[in-house]
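The values are calculated or read from the model by the stated rules, or taken from the named source; none is laboratory data. Please read these numbers as outputs of a predicted model, since none were measured by experiment. No Cβ is skipped: glycine too gets one built from the backbone with ideal geometry, and neighbour counts run over all protein chains shown. To get the accessible areas, we keep the full protein, side chains included, count just its heavy atoms, and leave off ligands, DNA and RNA. Shrake-Rupley method; radii C 1.70, N 1.55, O 1.52, S 1.80 Å.
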Amino acid sequence: MFIKSFSRQTEDKMDINWKNFYKQVCLLIIPMALQNLINVGVQAADVFMLGRVGEKVLSGASLAGQIQFIMTLILFGTTSGATVLTAQYWGKKDTRTIEKILGMGMLIGIGGALAFALAAELIPETLLRIYTNDPEVIAEGAKYLRIVALSYVIMAATQVYLYIMRSIERVVIATVVYGASLIVNIIVNAVLIFGLMGFPKMGIEGAAIGTLISRILGLMIVIWYAKFRNKVVRFHLSDMWNIDKVLLKDFLFYATPVILNELVWGMGSSANTAVIGHLGSAAVAANSVVQVVRELSTVVVFGVSNATAIYLGKTIGERQYELAKAYGRRFAVLSVITGFIAAGIILVSAPAVSRFMTLSPEAKSYLMFMFFVMSYFALCQAINTTLVVGVFRSGGDTRFGLRLDATTMWCCSILLGAIAAFVFRASVPVVYALLMSDEVIKVPITVKRFLGYKWIKNVTREQEELAMD
């Protein structure tokens, strides 16, 4: 097992208070794991409630969500790229530079979200035809997409702000925002999807309205927090227009590979969905359920990866490089532990989920095999995500993940899965196993990169190098 190969010589020479380390890490992981759980809960509320309505409706909402998924990846790439800088500047206690980064992130995030919103409003059917040729699924998905698209800009502003707050260890506000949004989403969903309390039964459109209302509430809480409670890092509208050119160059240098990485990975995941979408609505419905269960089971996994990026970024910003190596090894161990837990949750939950969902016999037959594949996929993803998104990006090594996903996904898993589906007409289980093989292929490559320690780099600048206010 690769953990045993980690050198402990550096740790023995340093007097590291591991009890304090785990305490601080837990203070980051727990709120972020809750945030991830709540975020997935919003999606799960749509999936499980619409799953009670019908397979076509569920498939339509699932495929419509792919458009938002791609947009979210751009936002995540933008905020993750910003985190590379903000976490290290936080280590230097340079809050004014962090404010400038927040302004740039807002400009890029809102601009990208606006483009997606216009496309979703004007050509929803065209977008959905990428993923399926079923006219009923396209019609249902278009209803959902036109309403949810109204929330894209709102979602972008909220997400950029909250992710920057995460990078300076202000993680509780996001838990409050997402928690309130989840509660409102579930209540409005139930009322409008099923026509409770005298409201008309709106089905998929009710789910979309619930999502829109919950995101409006989230933005209102963020605005209140930014104006009245956050005294450390302020949002200045002028920072969206008066861009520091030197800082922008750094931002683009580190953020662009991350954005491209997220797009390559996201387009790959979307390509997987497109391949599955052409295998029939039963395969689409089963996959949408399995993906939600995977996301629910891996909330702690992604909490660990996010905490890794923040904690190591701050440590590197403080120029404590040997300490960063020692911390990195402990985060790698945590990734394996949480990965095994996620795999176990997926396997244990499979029978109960299968009984609960209103799916066709064909879809249920696919469901159990997909759960098995997703169990080992989640374990490997835990390791890769913590190392690539958490460890490597914290030190400015943002290009490795781009090369990794471009090769393992597009040249291996997607290519093999598409050939199996469209050339050899292989069964759904065979195609699915091939499409989900990329995370397994990545593990030895990411571990080798980690042990080389080339990922450690201080990316901050001194104030005299930046433009003066």
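Applying the selection to segment 312-323, what residues are in contact (Cβ under 8 Å) with a residue 12 or more places away in the chain and outside any helix (DSSP H, G or I)?
The first filter runs over segment 312-323 and keeps only residues in contact (Cβ under 8 Å) with a residue 12 or more places away in the chain, leaving 312-319, 321-323.
Those that are in contact (Cβ under 8 Å) with a residue 12 or more places away in the chain and outside any helix (DSSP H, G or I): E318, R319.
Go through segment 97-120 and count every residue that is under 22 Å from S394 (Cβ atoms) and open to solvent by 40 Å² or more (accessible area, probe 1.4 Å). Outline the logic, then answer.
First, the residues of segment 97-120 that are under 22 Å from S394 (Cβ atoms): 97-102, 104-105, 108-109.
Now restrict to residues that are open to solvent by 40 Å² or more (accessible area, probe 1.4 Å): 108.
The total comes to 1.
Identify, from the list L162, L182, the residue that is modelled with pLDDT of 85 or more, part of a helix (DSSP H, G or I), open to solvent by less than 10 Å² (accessible area, probe 1.4 Å) and closer than 30 Å to G390 by Cβ.
L162
Answer yes or no as to whether S269 is surrounded by fewer than 22 Cβ atoms within 10 Å (Cβ to Cβ), within 30 Å of R425 (Cβ to Cβ) and among the small types (G, A, S). Lay out the reasoning, then the answer.
Details: surrounded by fewer than 22 Cβ atoms within 10 Å (Cβ to Cβ): yes; within 30 Å of R425 (Cβ to Cβ): yes; among the small types (G, A, S): yes.
In short, yes.
Pick from G218, G206, G210: which is free of Cβ contacts under 8 Å to residues at least 40 places away in the same chain, closer than 22 Å to A149 by Cβ and in a helix (DSSP H, G or I)?
Values: G218 fails: free of Cβ contacts under 8 Å to residues at least 40 places away in the same chain; G210 fails: free of Cβ contacts under 8 Å to residues at least 40 places away in the same chain.
Only one candidate qualifies: G206.
Name every residue in segment 139-156 that is small (G, A, S) and either under 21 Å from the mean Cα position of the chain (by Cα) or open to solvent by 60 Å² or more (accessible area, probe 1.4 Å) (or both), in order of residue number.
Keep residues of segment 139-156 that are small (G, A, S), which gives 139, 141-142, 149, 151, 156.
Correct list: A149, S151, A156.
Quick grid of which residues meet (1) under 18 Å from S335 (Cα atoms); (2) modelled with pLDDT of 95 or more; (3) not β-branched (V, I, T):
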site: C380; (1), (2), (3): yes, yes, yes
site: G390; (1), (2), (3): yes, no, yes
site: R393; (1), (2), (3): yes, no, yes
site: R399; (1), (2), (3): no, no, yes
site: C412; (1), (2), (3): no, no, yes
site: F424; (1), (2), (3): no, no, yes
site: P429; (1), (2), (3): no, no, yes
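Got a sec? Which of A282, A309 is open to solvent by 10 Å² or more (accessible area, probe 1.4 Å), touching a Lys or Arg at 6+ places or on another chain (Cβ under 9 Å) and either without any contact (Cβ under 8 Å) to a residue 60 or more places away in the chain or not charged (D, E, K, R) (or both)? Explain how you work it out, then say what you get.
On the way: A282 fails: open to solvent by 10 Å² or more (accessible area, probe 1.4 Å).
It is A309.
Filter segment 264-280 down to the residues that are touching a helix residue (DSSP H, G or I) at 6+ places or on another chain (Cβ under 6 Å) and modelled with pLDDT under 85 and list them by number.
Here is the first cut: in segment 264-280, the residues touching a helix residue (DSSP H, G or I) at 6+ places or on another chain (Cβ under 6 Å) are 264-266, 268, 270-273, 275-277, 279.
Within segment 264-280, G266, S270, T273, G277 qualify.
Cβ contacts < 7 Å: first residue under 18 Å from L279 (Cβ atoms), restricted to segment 350-365; second residue surrounded by fewer than 19 Cβ atoms within 10 Å (Cβ to Cβ), any location; separation 6+ or different chain. Result?
Listed pairs, sorted by first residue: K364/S354.
For segment 338-378, name all the residues that are farther than 21 Å from S427 by Cα, of a type in the set (F, W, Y) and at pLDDT 95 or above.
F340, the sole residue that qualifies.
Mind telling me which of the residues I187, I154, I216, I173 ends up being more than 30 Å from I138 (Cα to Cα) and modelled with pLDDT of 90 or more? Reasoning before the result, please.
Numbers: I187 fails: more than 30 Å from I138 (Cα to Cα); I154 fails: more than 30 Å from I138 (Cα to Cα); I216 fails: more than 30 Å from I138 (Cα to Cα).
Being more than 30 Å from I138 (Cα to Cα) and modelled with pLDDT of 90 or more holds for just one of I187, I154, I216, I173, which is I173.
Name the single residue, out of those in segment 31-66 being open to solvent by less than 10 Å² (accessible area, probe 1.4 Å) and either touching a Lys or Arg at 6+ places or on another chain (Cβ under 8 Å) or not in a helix (DSSP H, G or I) (or both), that is farthest from R170 (Cα to Cα).
Selected residue: G60.
Quick one: in segment 424-436, which of the residues that are in a loop (DSSP other than H, G, I, E, B) and small (G, A, S) is least open to solvent (accessible area, probe 1.4 Å)?
Step one: list which residues in segment 424-436 are in a loop (DSSP other than H, G, I, E, B), which gives 424-427, 436.
Filter once more, keeping what is small (G, A, S): 426-427.
Numbers: A426: 30, S427: 60 Å².
Step by step, filter segment 424-436, then rank; the result is A426.
Being in contact with a Gly (Cβ under 8 Å, 6 or more places away or on another chain), buried (at least 24 other Cβ atoms within 10 Å of the Cβ) and at pLDDT 80 or above is true for just one of L75, L85. Which residue is that?
On the way: L85 fails: in contact with a Gly (Cβ under 8 Å, 6 or more places away or on another chain).
After applying the criteria, what remains is L75.
Kindly establish whether M370 is crowded, with 16+ Cβ neighbours inside 10 Å, out of contact with any Gly (no Cβ under 6 Å at 6 or more places or on another chain), touching a residue at least 12 places away in the same chain (Cβ under 8 Å) and of a type in the set (A, V, I, L, M). Before the answer, list the steps.
Details: crowded, with 16+ Cβ neighbours inside 10 Å: yes; out of contact with any Gly (no Cβ under 6 Å at 6 or more places or on another chain): yes; touching a residue at least 12 places away in the same chain (Cβ under 8 Å): yes; of a type in the set (A, V, I, L, M): yes.
Yes; evaluated as a whole, the condition is true for this residue.
Results for (1) open to solvent by 10 Å² or more (accessible area, probe 1.4 Å); (2) among the basic types (K, R); (3) within 21 Å of I276 (Cα to Cα); (4) touching a Cys at 6+ places or on another chain (Cβ under 8 Å), shown as yes or no for each residue.
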{"residue": "F377", "(1), (2), (3), (4)": "yes, no, yes, no"}
{"residue": "N384", "(1), (2), (3), (4)": "no, no, no, no"}
{"residue": "L416", "(1), (2), (3), (4)": "yes, no, yes, no"}
{"residue": "F422", "(1), (2), (3), (4)": "yes, no, yes, no"}
{"residue": "D438", "(1), (2), (3), (4)": "no, no, yes, yes"}
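Out of the residues in segment 121-138 that are of a type in the set (D, E) and surrounded by fewer than 21 Cβ atoms within 10 Å (Cβ to Cβ), state the one that is nearest to the chain's Cα centre (by Cα). Let's see the steps before the verdict.
Going residue by residue through segment 121-138, those that are of a type in the set (D, E) are 121, 125, 134, 136.
Subsequent filtering for residues that are surrounded by fewer than 21 Cβ atoms within 10 Å (Cβ to Cβ) retains 121, 125, 136.
Values: E121: 24, E125: 25, E136: 29 Å.
Here the answer is E121.
For a quick check of your reading of the model, give me the residue pairs whose first member lies in segment 324-335 and is in contact (Cβ under 8 Å) with a residue 60 or more places away in the chain and farther than 16 Å from R393 by Cα, whose second is hydroxyl-bearing (S, T, Y) and open to solvent by 10 Å² or more (accessible area, probe 1.4 Å), with beta-carbon atoms closer than 8 Å and at least 6 apart or on different chains.
A326/T10
Could you grab me the full set of residues in segment 231-247 that are within 19 Å of A156 (Cβ to Cβ), surrounded by 12 or more Cβ atoms within 10 Å (Cβ to Cβ) and under 27 Å from the mean Cα position of the chain (by Cα)?
V233, F235, H236, D239, M240
So which residues in segment 210-229 are of a type in the set (A, V, I, L, M, F, W, C), open to solvent by less than 40 Å² (accessible area, probe 1.4 Å) and more than 22 Å from the chain's Cα centre (by Cα)? Reasoning before the result, please.
Taking segment 210-229 as the starting set, the residues that turn out to be of a type in the set (A, V, I, L, M, F, W, C) are 212-213, 216-217, 219-224, 226, 228.
Remaining after also requiring open to solvent by less than 40 Å² (accessible area, probe 1.4 Å): 212, 221-222, 226.
Hit for segment 210-229 is A226, nothing else.
What are the pairs, 6+ residues apart or on separate chains, where a residue within segment 232-257 that is among the acidic types (D, E) has its Cβ under 6 Å from a residue that is surrounded by 15 or more Cβ atoms within 10 Å (Cβ to Cβ) and outside any helix (DSSP H, G or I)?
D244/L466
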